[in-house]
Structures are given as structure tokens and as C-alpha cells.
1. Please tell me if B:L91 is more than 12 Å from every other protein chain (Cβ to nearest Cβ), in contact with a strand residue (DSSP E or B) (Cβ under 7 Å, 6 or more places away or on another chain), surrounded by fewer than 21 Cβ atoms within 10 Å (Cβ to Cβ) and part of a helix (DSSP H, G or I).
2. Being farther than 17 Å from A:G75 by Cα, within 10 Å of chain A (Cβ to nearest Cβ) and touching a Ser or Thr at 6+ places or on another chain (Cβ under 7 Å) narrows it down to one residue among B:V121, B:V67; which is it?
3. Taking B:L26, is it in contact with a Phe, Trp or Tyr (Cβ under 8 Å, 6 or more places away or on another chain), surrounded by 13 or more Cβ atoms within 10 Å (Cβ to Cβ) and assigned to a helix (DSSP H, G or I)?
4. Would you say B:I108 is more than 19 Å from B:K69 (Cβ to Cβ) and within 8 Å of chain A (Cβ to nearest Cβ)?
5. Go through (1) at pLDDT 90 or above; (2) more than 10 Å from chain B (Cβ to nearest Cβ); (3) not in a helix (DSSP H, G or I) and name the single condition A:K96 misses.
6. Exactly one condition in (1) part of a strand (DSSP E or B); (2) at pLDDT below 90; (3) more than 12 Å from chain A (Cβ to nearest Cβ) is not met by B:R74; state its number.
7. Out of the residues in segment B:54-71 that are surrounded by 15 or more Cβ atoms within 10 Å (Cβ to Cβ) and of a type in the set (D, E, K, R), state the one that is nearest to B:E115 (Cα to Cα).
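The values are calculated or read from the model by the stated rules, or taken from the named source; none is laboratory data. Please read these numbers as outputs of a predicted model, since none were measured by experiment. Reconstructed Cβ throughout: ideal geometry from the backbone, glycine too, with neighbour counts over all protein chains shown.
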Amino acid sequence: MATPERPASQRQPAPGQPPPGRKPPPPPPEEGKKKRRRGEPDIAGTDLNMTPMIDCVFQLLIFFMCATKFKTLEGKLLAYLPKDKGLKNVKIEEQKLPIRVTLMWNAHTRQAKVYVGQQYMGIADKGGLKAAESRVREIKTTGTEKAEIDAEPKMPFKYVVETLNALIRTRVKEISFAAAPPS
Amino acid sequence: MARPRRVDEGELRMEMTPMIDCVFQLLIFFMICTEIAQSELEMLVLPRASEAVPDDPPERGRMVLNVTKDGRIRWRGQDLTRQGLHDRLALQARLRLQRETGLSDQAILIRSDSEAEYRNVQTILQECAKVRIWKIELAAATAAKPKGRE
């Protein structure tokens, strides 16, 4: 007759093994390593998660790089419109005509021609504005302190600003814009 | 085959503080910048001018009009018709109207693309003259000058 097999709980443990149902004893601490108590932080295992911070800092950096560029490079040129309205009670002999700088636009060649009075100065991109600036300086010595920019409506705005910039350099006191032709 | 390391879920902790700090900074910065940048300043290629003066501090309540390359006049992100421009300028002029002279000391900044046709700027100048605004500022790109230099 065969003997009935004992349940696992009643079995004899093997030599060197803990009895069943009990936790195995903790392994002995390594040489030079202190045993960590419960609740005590594991200093060796502390890991600062830098990834999200670096992500955000880089985003900030890129944004600042883009945003600052627009802000610092933008300036302004001051211009004033005439304050007078209607006719002034001034004698015609006393009025001095302003130095008129005319800009003519050639749509085919895409070039801006510069005139001071009736005198042709050249193409704006090819020294025309420099020549105009020198000419205005010459005229200014005769006592004329006013200048007027007369640009064609189709003229790219950059040439108007470049002309205004050149006139500011000559230290002309008053710079105005010629009235637009009636539409 | 190496066994996967067991993760103790009870002790796993993500360092959120620096991330939240930076996200809040970004949020505040975007909130401030978006309002100014998007509502006032359009992305334009401004003409260059060596004599341009820095725009600091900008005049309070100054109206900024943008002229795009295709000739649209835009104010705070919306296109203005000629009548709309006139009405808006008239409102603006009333803010700093000088009763003695009938002139308005309100400044207007015109930011026009360098390739835009001059007639669009002329339109703005004409409308400014109609409502007696005389202070005009033309935006231009310039290299930053060191402070104290003429």
C-alpha cells in the first residue's frame, strides 16, 4: 500500500532553505555599504530629472533668439505733416521753394530714377541717391532749409525711405512729402 | 538572458518643479508677447535706414498701421478699408486733440513693407492730414547703435 503524500506545509524543508511560508532572510550587506533604514533616502540612487527642464530652456532660448531680433532691429524715422491749413498770409517773394527730390519708377527695368529739381542724378541703386545727397548739400549752402520728396505712387517704399534717410543726413531742417495726385 | 529590472512603483518620483517653473515662464512670456506681436506688428521686411532712431519708449496709445507687400493696410490684425482707416484715425485724433490749434498730437507709426507701393503710405498720409494728425513715424530696420552715440 502506497503512503499518502504530505501537504506542502507539512513537508520538511531542505537543508539551508527557509521553512515554507516565511520570507527568506535579507542578503548580508556588501563590504563598505551601510544598511539603509526604512524612510531614509537612498542618496546613491537620487536621480534629478533634467530632461523636461532642458526641453523648456531650449524652447525659451529659441523663442528669445527669434523675438529679440525683430525688436532690436526696428527703429523709426520721424516725419511731420504740414500743420497749416489753407492759404497763409505771406508774401510770395518771401517764400523759398523747397529742394524737390523726385523719384520716378520704371516698371520695366524696375529701377528708380532720382532727380533734384530738374537735374537727373542717376539710378537710386547705382549711386543716384549719393549724388542727390551731395547736390542737396550744395543747394543747402544757398540758404534753402526745406526739402520735399515727390515719389510716384507705384514706387517701392524702400526708395522713399532711402531718400528720406539721405535727406536727414544732409541736416535739412524740414522734410515734407509732396501731395498725392488726385485719384 | 538578463532579467528586466524590477521597478518599485511606490518610490518612483518625477521631478516636476523645474519643468513647471519653465512652463509658467513660457506661458507668461507668450501671453505678453503674443498680444503685442500679433495684434500690432505684422511680419514685414522693413526698409533700411541708417538714420532711424530707436523706438524707445514708444508713445503711449500710439496707433500702429502696417502696410503689407500686396498693399493692404492692417491694424491690429485686421484689414482696413479707406473709410475704416479714416474712422479709426478720426477716433485716434480725438484722444489728443489740441483745442487751440485744432491739431492732434497723436503719433502714428507706419510700418510698411519695403516692396509695398508708396501710394498705400500716401493714402495713410492723406487720411492723417484730413483728421489733423501731423506726427508721423516711419518704421525702418536699422542696426542697433550703442547708447550715447549721436
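1. Values: more than 12 Å from every other protein chain (Cβ to nearest Cβ): yes; in contact with a strand residue (DSSP E or B) (Cβ under 7 Å, 6 or more places away or on another chain): no; surrounded by fewer than 21 Cβ atoms within 10 Å (Cβ to Cβ): yes; part of a helix (DSSP H, G or I): yes.
Against the criterion (more than 12 Å from every other protein chain (Cβ to nearest Cβ), in contact with a strand residue (DSSP E or B) (Cβ under 7 Å, 6 or more places away or on another chain), surrounded by fewer than 21 Cβ atoms within 10 Å (Cβ to Cβ) and part of a helix (DSSP H, G or I)), B:L91 does not qualify.
2. Details: B:V67 fails: farther than 17 Å from A:G75 by Cα.
That would be B:V121, the only listed residue that is farther than 17 Å from A:G75 by Cα, within 10 Å of chain A (Cβ to nearest Cβ) and touching a Ser or Thr at 6+ places or on another chain (Cβ under 7 Å).
3. Yes: the conditions hold for B:L26.
4. no
5. Condition (1) is where A:K96 drops out.
6. The one condition B:R74 does not meet is (2).
7. B:K69
Here's the yes/no breakdown for (1) in contact with a helix residue (DSSP H, G or I) (Cβ under 9 Å, 6 or more places away or on another chain); (2) assigned to a strand (DSSP E or B); (3) on the phi > 0 side of the Ramachandran plot:
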{"position": "B:P58", "(1), (2), (3)": "no, no, no"}
{"position": "B:D87", "(1), (2), (3)": "no, no, no"}
{"position": "B:G102", "(1), (2), (3)": "no, no, yes"}
{"position": "B:I110", "(1), (2), (3)": "yes, yes, no"}
{"position": "B:A129", "(1), (2), (3)": "no, no, no"}
{"position": "B:L138", "(1), (2), (3)": "yes, yes, no"}
